[in-house]
Amino acid sequence: MLRWARHLSSRYWDMTVFVLSVALAGCQSTGLVVESVNNYSGNGDLTNSIANGDGFIRAMTPPDSEWHVIHRFTDRLVWDTDFLDGPQRDARNFDQSGTAISYYTGHGLITPYGENPAHRCTSSSQCTSPPAGASPPGVCKAAGSTNYAPGDTPQCVYYSDRILLVNGSNDQFGGQVNYSAGAAAWGESSNSGAWRGVGTDGGTNLVVLDASFGVLPTYWVRQTQQAMAGIHMLATIMPVTGDTANVADRGGLFGGSWAQNPDGAVSTAWLTTMNSIAGSGINGGGCNFVIAFDTTAAKAQGHIDEDWNQLRNDGFDAQGNGFYSARWLCNWPSTITNKSIFELP
Amino acid sequence: MAMKTRALAISVPALLSLAACATMNVPPPPRQGLIPAGDGGAAGYQHGIDGSRFVVGQNTRRLVQYGYLLMLAEYGDTSPRGRKRHCILRASVKLTGDEGTVAISRGNGSTFGVPHARASTLRMPPFGASPQEHDAFVRDYFVKLGLPADQVDEVRCMTLLEANGRSDETAQAIPRVTAYYSIVKRVVEGIAAPDSFAWARANSEGRIVQEGVYWPVLPRGVLDEARRFKDILSDDQRRRAFQSRIPGDISKATLAIRHASATEGHFEVFASLDVMTRSSPAAPRSDARQRATDSSVGGMTVIRHFDINGTERFLPQEKLNLKDRYPERKDAER
């Protein structure tokens, strides 16, 4: 195969350049949208979100870069409607056509998850009483012993929608962006098709939610599936016994990985930011997380293996969400092979 | 006009692609090994390709791109035309022996070995029979290459997991362990330097699949400052006086040597009392959900840095703001 490619490219060099250039130029998204919030008007202000988002931009846009900034919004110009589906909403902001990567850095809202008081457990069958605002199924979240997340003991937890929290000057939904329940749908395009029922006016290929409680164990599929409308991947953070640290260099380390090797895997780039951040970027036990969906297992796996060149390619937009492929890098050692490291059976 | 536009659309990406790959006046990589500190400082370590077990591939070549000195596998023909061909083709053709790239930051010397997305080395199981074996292997690997052994603190192991399946499955697939990453932590005279790192993922053949190293020299001045800071914190009276000058409870604070992240070209370092604060916003609407009741979580954390004078300090990466480069505009009707 390689010999054939060499022969062909040698004999038909000009034609090869032409064909590859058309292929590369015809269906590429190279835009970046970055929305960063520090200012919560005194209600939980942060200090590093803007520097974090700008670090991502700086790393991705050195001289001669193939990426460009479409939007950079901060603080009060980050509106909840930027993320929620609609031609005058996400399609002109977070999910604008031509975008390759949409990066949010700021708060995720804390929502009901465990019982009050905490229900200590030894088996998921004991978890049957979700608190108000959460719903079954309950699981016994594993923690505190060898192979499991450090810093707590097992307790019952339940499903709840995941919500970003912004503080925009023109918010229409109380500053809350629920991306689990269907109002957020990212990546719909002419390449993905309208399977998600939200048209084809979006177009981003990767969504990064650099926030608290991006997903929670063990509800990662249900909490992200509805947000899929064509994106190749969603990258976020999954705290287990702690919470996300608001650090200034996660974005820069992520973007730096592209500059270091554009043929490297995007998912791995996100996951391994943890290794270079002081304290791993999570206070307590937790994981960096990436998930991809598509119509077949092979396609979902293909997304999770995408390099930065493939990420730009709109021809790879997901055409369904029936199958998923996910990766985690968790900040503790585990050797468990026959059961989950996140929950007790 | 349409023809011109089309020609431009075709030629510009091709030219950009070729320009990005141009090789000209490429400097040699920095010497791998211990970086002497001079009188009273803490030595650093420069990682590189010499002696590295990171798999790049055959016939490595160098180029400077996006602020990094890159070392990557050459594609057969090493003529200028062959290099151009390599740059065009590597986006779509799997090259034999082409496994990854070593990138050394020209700004700060941080070094990353990044495998290609589908490198064969990624398919091997992890090294050793346990995470502890993996940790020991990685520690020894770096120390043998010149990382100062007396600066090695703990080695922290991270676990890579994967899962896949149907989205509608009621019983979700169990995430399976596929690799380990071992992170060597740095300590100098008992004081942590958490911004330094040397980490690697090794496969069952003992090859390094991925790695990252940033272990700069720490000058004498910052070590002197850290010692004085340590004295203050170990004296009850002086500690109380210091507490009165800063917000937050210092009983759980940590003395550390903090320096610029590997993302920064400008190096700064100072002795810091790191104070962890939590930022947990209340839901803004009256009908919004209540706060979490999971006792193990409590809101996003922020580490604040206070120097020996009680002045709050910010690391270079924490001061970045590109508002002048990207003025913000937004229409209300959006």
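A few remarks follow.
- When the range B:147-168 is limited to residues that are open to solvent by 70 Å² or more (accessible area, probe 1.4 Å) and more than 7 Å from chain A (Cβ to nearest Cβ), the one that is farthest from the chain's Cα centre (by Cα) turns out to be B:168.
Table: residues versus (1) part of a helix (DSSP H, G or I); (2) polar (S, T, N, Q); (3) exposed (fewer than 14 other Cβ atoms within 10 Å of the Cβ); (4) at pLDDT below 85.
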site: B:4; (1), (2), (3), (4): yes, no, yes, yes
site: B:19; (1), (2), (3), (4): yes, no, yes, yes
site: B:24; (1), (2), (3), (4): no, no, yes, yes
site: B:57; (1), (2), (3), (4): no, no, no, yes
site: B:70; (1), (2), (3), (4): no, no, no, no
site: B:85; (1), (2), (3), (4): yes, no, no, yes
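- Residue match in the range B:250-259 (condition: open to solvent by 40 Å² or more (accessible area, probe 1.4 Å) and either at the interface with chain A (Cβ under 8 Å from one of its Cβ atoms) or at pLDDT below 85 (or both)): yes
- When the residues of the range B:87-135 are filtered to those that are of a type in the set (Asp, Glu) and open to solvent by less than 50 Å² (accessible area, probe 1.4 Å), the one that is modelled with the lowest pLDDT is B:98.
- Complete set of residues in the range A:26-80 that are open to solvent by less than 10 Å² (accessible area, probe 1.4 Å), touching a helix residue (DSSP H, G or I) at 6+ places or on another chain (Cβ under 9 Å) and β-branched (Val, Ile, Thr): A:33, A:34, A:37, A:57
- When the range B:174-191 is filtered for residues that are open to solvent by 20 Å² or more (accessible area, probe 1.4 Å) and at the interface with chain A (Cβ under 9 Å from one of its Cβ atoms), the ones remaining, listed by number, are B:174, B:176, B:177, B:178.
- Candidate set: the range B:283-309, residues that are at pLDDT 75 or above and more than 30 Å from residue B:217 (Cα to Cα); chosen: the one surrounded by the fewest Cβ atoms within 10 Å (Cβ to Cβ): B:299
- Condition met for residue A:117 (within 11 Å of another protein chain (Cβ to nearest Cβ) and at pLDDT 95 or above): no
- Residues (within 7 Å of chain B (Cβ to nearest Cβ), under 17 Å from the mean Cα position of the chain (by Cα) and within 16 Å of residue B:116 (Cβ to Cβ)) located in the range A:252-267: A:257, A:265
- Among the residues listed as B:315, B:320, B:223, the single one being out of contact with any helix residue (DSSP H, G or I) (no Cβ under 6 Å at 6 or more places or on another chain), at pLDDT 95 or above and buried (at least 22 other Cβ atoms within 10 Å of the Cβ): B:315
- Entirely in the range B:159-222, the strands (runs of 3 or more DSSP E) that have 2 or more residues that are more than 24 Å from residue A:247 (Cβ to Cβ) and touching a residue at least 40 places away in the same chain (Cβ under 8 Å): B:176-188, B:208-214
- Of all the residues in the range A:81-92, those that are in contact with a helix residue (DSSP H, G or I) (Cβ under 7 Å, 6 or more places away or on another chain) and either aliphatic (A, V, I, L, M) or modelled with pLDDT under 95 (or both) number 1.
- Checking residue B:124 against (1) under 24 Å from residue A:290 (Cβ atoms); (2) touching a residue at least 12 places away in the same chain (Cβ under 8 Å); (3) within 10 Å of another protein chain (Cβ to nearest Cβ), the condition it does not meet: (3)
- Residue match in the range A:272-279 (condition: at negative phi, open to solvent by less than 10 Å² (accessible area, probe 1.4 Å), hydrophobic (A, V, I, L, M, F, W, C) and not in a helix (DSSP H, G or I)): yes
- Within the set A:325, A:257, A:340, A:334, the sole residue that is part of a helix (DSSP H, G or I) and either surrounded by fewer than 24 Cβ atoms within 10 Å (Cβ to Cβ) or at pLDDT 95 or above (or both) turns out to be A:257.
- Residues in the range A:181-194 that are part of a loop (DSSP other than H, G, I, E, B) and either open to solvent by less than 10 Å² (accessible area, probe 1.4 Å) or not small (Gly, Ala, Ser) (or both): 6 in all.
- Test result for residue A:90, open to solvent by 10 Å² or more (accessible area, probe 1.4 Å), in contact (Cβ under 8 Å) with a residue 40 or more places away in the chain and of a type in the set (D, E, K, R): no
- Matching residues in the range A:50-106 - criterion: being among the polar types (S, T, N, Q), under 21 Å from residue A:230 (Cβ atoms) and facing chain B (nearest Cβ under 7 Å): A:88, A:93
- Only one of A:248, A:297, A:265, A:318 that is surrounded by fewer than 24 Cβ atoms within 10 Å (Cβ to Cβ) and of a type in the set (Gly, Ala, Ser): A:297
- Selected residue (only one of A:145, A:129, A:97 is touching a helix residue (DSSP H, G or I) at 6+ places or on another chain (Cβ under 8 Å), open to solvent by 10 Å² or more (accessible area, probe 1.4 Å) and in a loop (DSSP other than H, G, I, E, B)): A:97
- For the range B:195-204, filtering for residues that are open to solvent by 40 Å² or more (accessible area, probe 1.4 Å) and facing chain A (nearest Cβ under 8 Å) leaves 0.
- All conditions in (1) more than 9 Å from chain B (Cβ to nearest Cβ); (2) open to solvent by less than 10 Å² (accessible area, probe 1.4 Å) hold for residue A:199, with the sole exception of (2).
- Residue within the range A:196-212 that is in a loop (DSSP other than H, G, I, E, B) and among the basic types (Lys, Arg) present: yes
- The test for being under 21 Å from residue B:197 (Cα atoms) and within 7 Å of another protein chain (Cβ to nearest Cβ) holds for residue A:246.
The values are calculated or read from the model by the stated rules, or taken from the named source; none is laboratory data. Keep in mind the model is a prediction, meaning the values are calculated, not measured. Glycine also receives a Cβ, built like all others from the backbone with ideal geometry; neighbour counts cover every protein chain displayed. We work out accessible area using only protein heavy atoms, side chains counted, and drop any ligands, DNA or RNA first. Shrake-Rupley method; radii C 1.70, N 1.55, O 1.52, S 1.80 Å.
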